[in-house]
Amino acid sequence: MKKTFLFLSILMGFFFTACAPKVVEVKPNIVFPSYPDEPKIVYLDTYRGGVTAEEDKGLSGVLDVFLGEDNGDSGVSNIIKPYGVGLQDGKVYAVDTGSDAVFVMDEKTREVAFLGNRSRGKLIGPVAVAFDSNGTTYVSDAKQKIIQGYDKKGKLKYVLGGRLVFTYPTGIAINKELNRLYVVDTKLHQFKAFDLKTKELLFTVGKRGKGDAEFNFPTNIAVDRRNGNVVVVDTQNFRVQIFDKDGNFIRRFGKIGDKPGMFARPKGVAIDTEGHIYVSDAAFNNVQIFNDKGQLLLYFGSAGYTPATFRLIAGIYIDEHDKIVIADGFSGRVQTFQYLSEQWKAAHPKAYEKLKEFKPEM
């Protein structure tokens with residue numbers, strides 16, 4: 001009798017949850033810095049994966065899950081713990097280390113597809129994502145010690161690496177003009193460059209240490225589209241290092257501390273079209289923006305669960321239109337922003353004028 005009552009109580013709880021109105025996340029106009037300063041960054045949207053309107057099965061879907069009959073392929077999953085992120089062809093990519101798959105979310109329709117959940121090309125330890133000029137999506141898999149490439153239909157077409165090549169591949173970035181792939185190997189304290197056509201290893205940079213071109217558990221990497229420079233987050237040395245496209249050291253900046261311009265747990269890195277370097281810090285839960293000389297220009301974000309705040313911030317990516325996507329690890333979501341670059345302002349003059357006059361309500 002008690003078991004029957006417990007089952008009915010749980011079932012009624014699911015029923016009222018399924019019948020409750022859906023919570024729609026409001027998109028506030030959040031800009032950084034705030035009025036009267038000139039706006040530089042504006043919050044756009046939040047993505048969690050999950051159910052689209054067409055996929056919502058209501059009570060029947062809840063019963064399937066309760067009775068263990070969900071097939072796991074319906075696209076109803078939510079992001080658990082995102083790390084690497086990307087943007088391509090109107091879609092937001094989130095590497096979910098919690099489900100070992102890559103969420104591919106359409107910005108307009110909100111429909112969700114997946115990479116790495118098929119038997120061929122299965123991911124078991126995905127970390128980061130990058131794209132070449134042909135639209136191929138590359139994903140690093142630290143546990144399998146490989147980089148896998150998928151076509152636009154999600155089929156595996158490329159495998160690079162293995163135990164003789166990598167120890168723990170994490171951050172990846174691609175120079176589309178040179179068709180060159182850069183891979184951070186965290187446990188070897190180095191990064192490698194490969195030719196994507198021949199799969200040939202071109203060069204390796206780094207060893208464990210604190211000197212120039214030395215690393216202590218580096219994590220993520222980005223390419224400057226203007227000149228091909230490579231920027232690496234040297235996480236346990238609490239700094240960022242910059243190299244030219246061929247791996248020659250240029251400069252470094254940053255040190256451990258809790259003041260602006262310092263780092264505590266630097267993770268993600270990205271570069272906009274004007275060469276500004278964005279570094280996410282999982283301890284500060286913010287993004288600091290530097291020029292290519294390492295001078296701090298601006299920072300945005302703080303700890304929280306509301307839009308434009310973060311809990312365990314991780315990867316960051318900026319596309320060729322200066323749209324930014326950031327992984328919010330503990331909150332199970334990714335957020336998008338827009339850098340108001342000169343390129344963007346020229347293409348959206350009316351929108352920019354409105355943003356300049358925006359005054360947030362107290």
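Using the structure shown, decide if GLY268 is outside any strand (DSSP E or B) and modelled with pLDDT of 95 or more.
Criteria not met by GLY268.
Condition first: under 22 Å from ASP319 (Cα atoms) and open to solvent by 60 Å² or more (accessible area, probe 1.4 Å). Now tell me which residues in the range 207-254 satisfy that.
ARG225, ARG226, ASN227, LYS245
Residue by residue, here is whether (1) open to solvent by 50 Å² or more (accessible area, probe 1.4 Å); (2) acidic (Asp, Glu); (3) more than 18 Å from GLN338 (Cβ to Cβ) holds:
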{"position": "ASP89", "(1), (2), (3)": "yes, yes, no"}
{"position": "ASP96", "(1), (2), (3)": "no, yes, yes"}
{"position": "GLU107", "(1), (2), (3)": "no, yes, no"}
{"position": "LEU123", "(1), (2), (3)": "no, no, yes"}
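Please work out which one of (1) assigned to a strand (DSSP E or B); (2) closer than 22 Å to VAL231 by Cβ; (3) among the hydrophobic types (A, V, I, L, M, F, W, C); (4) open to solvent by 20 Å² or more (accessible area, probe 1.4 Å) is the condition LEU178 fails and give its number.
(1)
Being assigned to a loop (DSSP other than H, G, I, E, B) and within 13 Å of VAL139 (Cα to Cα) is the filter; apply it to the range 77-113 and report the residue that is farthest from the chain's Cα centre (by Cα). Before the answer, list the steps.
Within the range 77-113, the first condition is being assigned to a loop (DSSP other than H, G, I, E, B), and the residues that meet it are 77, 79-81, 89-90, 97-100, 107-111.
Okay, now just the ones that are also within 13 Å of VAL139 (Cα to Cα), so 97, 100.
Details: THR97: 11, ASP100: 14 Å.
Step by step, filter the range 77-113, then rank; the result is ASP100.
What pairs come up if the first residue lies in the range 91-120 and is within 15 Å of TYR47 (Cα to Cα), the second is among the basic types (Lys, Arg), and their beta carbons are under 7 Å apart, counting only those six or more places apart or on different chains?
What qualifies is ASP96/LYS81; VAL104/LYS91; MET105/LYS91; ASP106/LYS91; GLU107/LYS91.
Taking the condition out of contact with any helix residue (DSSP H, G or I) (no Cβ under 6 Å at 6 or more places or on another chain), open to solvent by 10 Å² or more (accessible area, probe 1.4 Å) and among the hydroxyl-bearing types (Ser, Thr, Tyr), does THR204 pass?
yes
Report every pair of residues separated by at least 6 positions or lying on different chains whose Cβ atoms are under 8 Å apart, first residue within the range 272-293 and touching a residue at least 24 places away in the same chain (Cβ under 8 Å) and on the phi > 0 side of the Ramachandran plot, second among the small types (Gly, Ala, Ser) and in a strand (DSSP E or B).
ASN285/ALA303
When you scan the range 309-332, do you find a residue that is aliphatic (A, V, I, L, M), without any contact (Cβ under 8 Å) to a residue 24 or more places away in the chain and assigned to a strand (DSSP E or B), even just one?
Restricting attention to the range 309-332, the residues satisfying the condition of being aliphatic (A, V, I, L, M) are 312-314, 316, 318, 324-327.
Restricting the remaining residues to those that are without any contact (Cβ under 8 Å) to a residue 24 or more places away in the chain gives none.
No, the range 309-332 has no match at all.
Would you confirm whether or not the range 246-255 contains a residue that is part of a loop (DSSP other than H, G, I, E, B), farther than 19 Å from PHE191 by Cα, of a type in the set (Lys, Arg) and modelled with pLDDT of 95 or more?
Among the residues of the range 246-255, at least one is part of a loop (DSSP other than H, G, I, E, B), farther than 19 Å from PHE191 by Cα, of a type in the set (Lys, Arg) and modelled with pLDDT of 95 or more, which makes the answer yes.
Of everything in the range 157-166 that's in a strand (DSSP E or B) and open to solvent by less than 30 Å² (accessible area, probe 1.4 Å), which residue is modelled with the lowest pLDDT? It would help to see each step written out before you state the result.
Residues of the range 157-166 in a strand (DSSP E or B): 157-161.
So of that shortlist, the ones also open to solvent by less than 30 Å² (accessible area, probe 1.4 Å) come out as 158, 160.
Working: TYR158: 90, LEU160: 96.
Filtering first and then ranking leaves TYR158.
Mind checking which residues of the range 183-212 are in a strand (DSSP E or B) and of a type in the set (Gly, Ala, Ser)?
Passing the criteria: only ALA193.
Table: residues versus (1) modelled with pLDDT of 95 or more; (2) over 20 Å from ASP328 (Cα atoms).
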residue: ASP96; (1), (2): yes, no
residue: ASP106; (1), (2): yes, no
residue: ALA113; (1), (2): no, no
residue: LYS145; (1), (2): yes, yes
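With the structure loaded, tell me whether LEU296 is at pLDDT 95 or above, open to solvent by 40 Å² or more (accessible area, probe 1.4 Å) and farther than 26 Å from SER140 by Cα or whether it fails that test.
Spelling it out, LEU296 is indeed at pLDDT 95 or above, open to solvent by 40 Å² or more (accessible area, probe 1.4 Å) and farther than 26 Å from SER140 by Cα.
Restricting to the range 125-156, and then to whatever is in contact (Cβ under 8 Å) with a residue 24 or more places away in the chain and among the aliphatic types (A, V, I, L, M), can you tell me which residue is surrounded by the most Cβ atoms within 10 Å (Cβ to Cβ)?
My answer is ALA128.
From the residues in the range 314-353 that are touching a Leu at 6+ places or on another chain (Cβ under 6 Å) and of a type in the set (Val, Ile, Thr), which one is surrounded by the most Cβ atoms within 10 Å (Cβ to Cβ)?
The qualifying residue surrounded by the most Cβ atoms within 10 Å (Cβ to Cβ) is VAL325.
The values are calculated or read from the model by the stated rules, or taken from the named source; none is laboratory data. Remember, predicted model here, so these are calculated numbers, not experimental data. Every residue, glycine as well, gets a Cβ built from its backbone with ideal geometry; the counts of neighbours run over all protein chains shown. Quick note on the areas: whole protein, heavy atoms, side chains included, nothing else; ligands and nucleic acids left out. Shrake-Rupley method; radii C 1.70, N 1.55, O 1.52, S 1.80 Å.
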